[in-house]
1. According to a simple spin-label model (label point 7 Å from Cα along Cα-to-Cβ), what is the distance in nm between Thr65 and Asp79?
2. Based on the Cβ-Cβ distance of Val107 and Arg186, what FRET efficiency does E = 1/(1 + (r/R0)^6) give at R0 = 22 Å, to the nearest 0.05?
3. What accessible area per residue comes out for the chain, rounded to a whole number of Å², with a 1.4 Å probe?
4. Does region 55-113 come out rounded, prolate or oblate, given a ≥ b ≥ c as the square roots of the eigenvalues of its C-alpha gyration tensor, rounded meaning a/c under 1.5 and, failing that, prolate meaning a/b above b/c?
5. Under a plain spin-label model, where a point goes 7 Å from the Cα along Cα-to-Cβ, how far apart in nm are Thr86 and Asp138?
6. Multiplying the sequence separation of Arg50 and Val19 by 0.36 nm and subtracting their Cα-Cα distance, what value in nm do you get?
7. With a/c under 1.5 counting as rounded, go ahead and sort region 20-172 into rounded, prolate or oblate using the C-alpha gyration tensor (a ≥ b ≥ c being the square roots of the eigenvalues; past the cut-off, prolate if a/b is larger than b/c, else oblate).
8. Compute the separation of the alpha-carbon centres of region 92-106 and region 142-195 and state it in Å as a whole number.
Amino acid sequence: QFLQDCRAVVTVEFALLSVPLVVMVIGSFDFAYQVYLKTVVQGALNDVSRTASLEAPDLECKTGTLPEKVQCAIKRRSDVVARDATYAVRIRNFYDFSTVGRSEKLVTDYNNNGVYDAGDCFVDLNENGRFDTDAGRDGVGGADDVSYYTVTVTMPRLFPLDKFLPLSPNYEITGETALRNQPYARQRIPPTVCV
């Protein structure tokens, strides 16, 4: 008679299914919040970087270097949704879009192997006197240079999902954008070096 009693079956079934269901619903909210946060951070970065590409940008943050002002402006726009967040901004500049993330350009390749060897000539895009596999320089650069902005926002998760799933206790959101500085002067012409 005990085995045939079905009065509390629904309660047992609900207890078994409620934990995965709650984790799934909260996980959906957490993922949606993460996507929303990325959209806000990317929008703030796009807006601030456009302003920073001008000759004398007004970023509404009065003190500090330009990267610090960019970080301050992104923080002011994102803090509405990013509680207790930390921000890391990196700005690099390149001669043009084709050199972003690439090596300096070979001008003369004496042994025709397509790789820089001692004695070959190259365009020294970052003007440090040596061949580099990354042609970028730190900072915003000058007129007509391409500035490449990267912002990383780290903040605690909205829900403690890391207690139930193998997740980090923090969101780490990254936004990137590249744009050409306004042509307020002539762009520097990098030298050709043979070393």
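1. Result for the modelled spin labels: 2.2 nm.
2. Working: r = 22 Å, r/R0 = 0.98.
Efficiency, rounded to the nearest 0.05: 0.55.
3. Details: 11950 Å² over 195 residues.
Per-residue accessible area for the chain comes out at 61 Å².
4. prolate
5. 1.8
6. Values: separation 31, 0.36 × 31 = 11.16 nm, distance 4.64 nm.
That works out to 6.5 nm of additional length.
7. Details: a/c = 3.60, a/b = 1.77, b/c = 2.04.
Oblate, since a/c reaches 1.5 and b/c is not below a/b.
8. 16
The values are calculated or read from the model by the stated rules, or taken from the named source; none is laboratory data. Every value quoted in this text rests on a predicted model; they were computed, and no experiment measured them. Glycine also receives a Cβ, built like all others from the backbone with ideal geometry; neighbour counts cover every protein chain displayed. The area values use the complete protein model at the heavy-atom level, side chains included, leaving out ligands, DNA and RNA. Shrake-Rupley method; radii C 1.70, N 1.55, O 1.52, S 1.80 Å.
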